[in-house]
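Only the coordinates and a few stated rules stand behind these numbers; no lab work does. Computed from a prediction, not measured in an experiment: that's the story for all the values here. Because the Cβ atoms are built from the backbone with ideal geometry, glycine has one as well, and the counts that use them run over all protein chains shown.
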Amino acid sequence: MTSIAIIGGGFSGLMSTVHIFKNAKTPVHLHIINSGNEFPRGVAYSTICDWHVLNVRAFNMSAFPDEPNHFINWLKHHPKYINANEDELIISFIPRKIYGEYLISIWEKLQQEIKSSANSNVTVHHSSAVAAEFRNGKTEISLDNNEKIIADKIILATGHSVPTQPDFISDSVATSKFYFGNPWSKWENNFTEYEGDAFIIGSGLTMVDTVLSLLNKKFKGKIYFNSRHGLLPLSHQHFIKSEFLSLNDLPSPRLLDTIKIFRKWVKLFKSEGKPEFLAADKFRAITQQIWRGWTLHEKKYFLRFLKTPWNVARHRIADEVFQTLDNAMKEGKLIYVPGKITSVTENENGIAVQVSKNKNNIQIFRTTHLFNCTGPKDSYKNSTNPFIRSLINSGVAMHDDLDMGLKVADNYAVKNSKGETSDSIFTTGVVIKGSYWESFAVPDLRKQVKAVSENLVMSLSN
Ligand SMILES: Cc1cc2nc3c(=O)[nH]c(=O)nc-3n(C[C@H](O)[C@H](O)[C@H](O)COP(=O)(O)OP(=O)(O)OC[C@H]3O[C@@H](n4cnc5c(N)ncnc54)[C@H](O)[C@@H]3O)c2cc1C
């Protein structure tokens, strides 16, 4: 029987398993290897905080690209929404915990289908894949529990890396009880509120989650958050149906022409009294193609100068979340601290964070809860994932030209250090962010995961 290993058990790992099983013409043994986050919730939907909601409206969160109402239909039978008004439900932002339940329901259905198929089967390994060795066209995968799995084909669905410690965090601060290095680690479960204030490094969506968790826990102190660029999260605002642009609307695939068209839409929305950031939504359907059409130089320019404003405009937060943060800011509970962090030191009472706005304006914040919300560093050359490192060290995979992910061919198979396309290892999701840029949220991933899985199945008959 063909053995297929899916490394990573979040949305991408689960949905790869679904599509491979549905498309395989011969019996398959599917091995899902997952550790670090609950299967199949992954990092995003393992949250235990009810206030963490999706940042995509319910109507756009189906796990299946060909069944756009799949999530809504499931939701309508959920005890919490059984009496909900459908028009309101489809444009609402559902708790991520409930989206996790949706993924579990897909998994349960798949298990039943696999059971009744008689020939195929699936095994979930709750361990970490740490190394790969290649023999006779097969891969031997080592797990951290000493188990070995022999696979004919592999899908790498390893998702988000663990957040990286900023350079100014010393080893002693990193191990301090006052420091929370990984805000995705469900720290709320064992939360101890020491006397004092919280300080959050970062101002993006992870900062938003952390503030919500602290408010939900009725945290008594003040919450400071810091960013150097001064761009704060934006709200989706009331739902405006927007026609997406197509590539034909751009005079050329060049970055400068894209910026020109973007500015044209900003101006138009402004003149209509609408929020300017809606211009980012117009590009939603073609962002991946635009990215792929740019030269390396254009991509680097974008990453250096435009990435942050683009991300802020593109990845907005639910209106009710925005309101909660806004109220906390107005009450003086949540305070924005602009500037550069110049030192972080610890003593027995807490951590002192020094922030410098300019050389005449240096402030020191004493905190008993320092959160690192800067997210993972996008370096695959120095990947902290042992399995990816093993693939790179053996030359079977290679980081892309921007070092944001792995180099892949158009069929999502990884490329080796000689630039040759693998016939057995495929990948999807954040791992190919360097090649596709928007390879992150469910509306992008669902199509991609289906395509990757179909390509893998096709390669079985080659
Ligand atoms: C906090 C947060 C909120 C988000 N909110 C939304 C949202 O509202 N809407 C939306 O559309 N998208 C959202 N996203 C994007 C989200 O990442 C995707 O929707 C999707 O969940 C990604 O799934 P994934 O399977 O690719 O990755 P992940 O969810 O990261 O899953 C990968 C899994 O693989 C495991 N793994 C990695 N390496 C190994 C290894 N070597 N061995 C074993 N296991 C391994 C990881 O520990 C993890 O469990 C959010 C992301 C984050 C981080």
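I need the calculated FRET efficiency for the pair residue 359 and residue 260, taking r as the beta carbon distance and R₀ as 51 Å, to the nearest 0.05.
Calculated value: 0.85.
Between residue 220 and residue 320, what FRET efficiency follows from the Cβ-Cβ distance if R0 is 30 Å, with the result rounded to 0.05?
Taking R0 as 30 Å, the efficiency between residue 220 and residue 320 is 0.80.
Out of all DSSP beta bridges in the chain, what portion is antiparallel? Express it as a percent rounded to 5.
So the antiparallel bridges amount to about 45 percent of the total.
Just order 22-35, 441-454 by mean Cβ neighbour count inside 10 Å, highest at the front, would you?
The peptides rank, most packed first, as 441-454, 22-35.
In nanometres, what is the gap between the two model label sites at residue 193 and residue 228, each 7 Å from Cα along Cα-to-Cβ?
Calculated label separation equals 3.4 nm.
Rounded to the nearest 20 Debye, what is the dipole magnitude of the stretch 161-260 about its Cα centre when Lys and Arg each give +1 and Asp and Glu each give -1 at the C-beta?
Computed charge dipole of the stretch 161-260: roughly 180 debye.
Please sort 210-220, 343-353, 423-433, 164-174 by packing, taking for each peptide the average over its residues of neighbouring beta carbons within 10 angstrom, highest first.
Peptide ranking by packing, descending: 423-433, 210-220, 343-353, 164-174.
Looking at the square roots a ≥ b ≥ c of the eigenvalues of the Cα gyration tensor of the stretch 109-242, which shape do they give, rounded for a/c under 1.5, prolate if a/b is larger than b/c, or oblate?
It is prolate, given that a/c is not under 1.5 and a/b is the larger ratio.
From the phi of every residue in the stretch 178-190, what ³J(HN,Hα) in whole Hz does the Karplus formula 6.51 cos²θ - 1.76 cosθ + 1.60 yield, where θ is phi - 60° and glycine or proline is x?
The phi angles translate into 8, 10, 10, x, 10, x, 8, 8, 6, 4, 4, 4, 10 Hz.
Which loop trypsin sites (Lys or Arg not before Pro) in the stretch 238-329, with loop taken from DSSP, have no more than 11 other Cβ atoms within 10 angstrom of their Cβ?
241
Could you sort the peptides 176-183, 225-232, 148-155 by per-residue average Cβ neighbour count (10 Å cutoff), highest mean leading?
148-155, 176-183, 225-232
So which lysines pass the test for residue 418, namely a Cα distance under 17 Å, with those fewer than 8 places away in the same chain ruled out?
381, 407
Before anything else, pin down the relative contact order of the chain: Cα pairs under 8 Å, at least 6 apart, normalised by residue count, whole percent.
Reported as a whole number, the value is 19 percent.
So what is the calculated 222 nm ellipticity per residue for the chain, using -39500 (n - 2.57) for each DSSP H run with n of 4 or more, over all residues, to the nearest 500 deg cm²/dmol?
Rounded to the nearest 500, the figure is -9500 deg cm²/dmol.
Between the helical axis of 319-330 and the dominant principal axis of the chain, each derived from Cα atoms, what acute angle in degrees is found, rounded to the nearest 10?
30 degrees
Along the charge dipole of the stretch 247-314, which of 275, 310, 250 sits closest to the positive end, that is, farthest toward it, with unit charges on the beta carbon of Lys, Arg, Asp and Glu (+1, +1, -1, -1)?
Highest projection toward the positive end goes to 310.
Only sites in a loop by DSSP and with at most 10 other Cβ atoms within 10 Å count here; which trypsin sites (Lys or Arg not before Pro) in the stretch 350-404 make the cut?
For trypsin sites (Lys or Arg not before Pro) across the stretch 350-404 that sit outside H, G, I, E and B with at most 10 neighbouring Cβ atoms in 10 Å, the list reads 359, 381.
Which of the listed residues, 372, 289, 428, is farthest toward the dipole's positive end in the chain, when Lys, Arg count +1 and Asp, Glu count -1 at the beta-carbon?
Result: 289.
Could you go through the stretch 346-353 in sequence order and give the Karplus-derived ³J(HN,Hα) for each residue, using 6.51 cos²θ - 1.76 cosθ + 1.60 with θ = phi - 60°, rounded to whole Hz, and x for Gly and Pro?
Working through the residues one at a time gives 10, 9, 5, 9, x, 10, 9, 10 Hz.
What are the ³J(HN,Hα) couplings of the stretch 54-62, residue after residue, when phi is run through the Karplus curve with 6.51, -1.76, 1.60 and θ = phi - 60°? Round to Hz, x for glycine and proline.
Along the stretch 54-62, the couplings run 4, 9, 10, 5, 3, 5, 10, 10, 4 Hz.
Compute the angle between helix 255-271 and the longest alpha-carbon principal axis of the chain, please, reported from 0 to 90 degrees and rounded to the nearest 10.
50 degrees
How many nm separate the modelled label positions at residue 150 and residue 111, each set 7 Å beyond the Cα in the direction of the Cβ?
2.8 nm
Quote to one decimal, in nm, the extra length available between residue 73 and residue 381 on full extension: 0.36 nm per residue of separation minus the C-alpha distance between them.
Here the answer is 106.6 nm.
Taking Cα atoms, how many degrees apart are the long axis of helix 11-23 and the longest axis of the chain, rounded to 10 and kept between 0 and 90?
20 degrees
Run the simple label-point estimate for residue 126 and residue 249 please: 7 Å along Cα→C-beta, distance reported in nm.
Computed distance between label sites residue 126 and residue 249 equals 4.7 nm.
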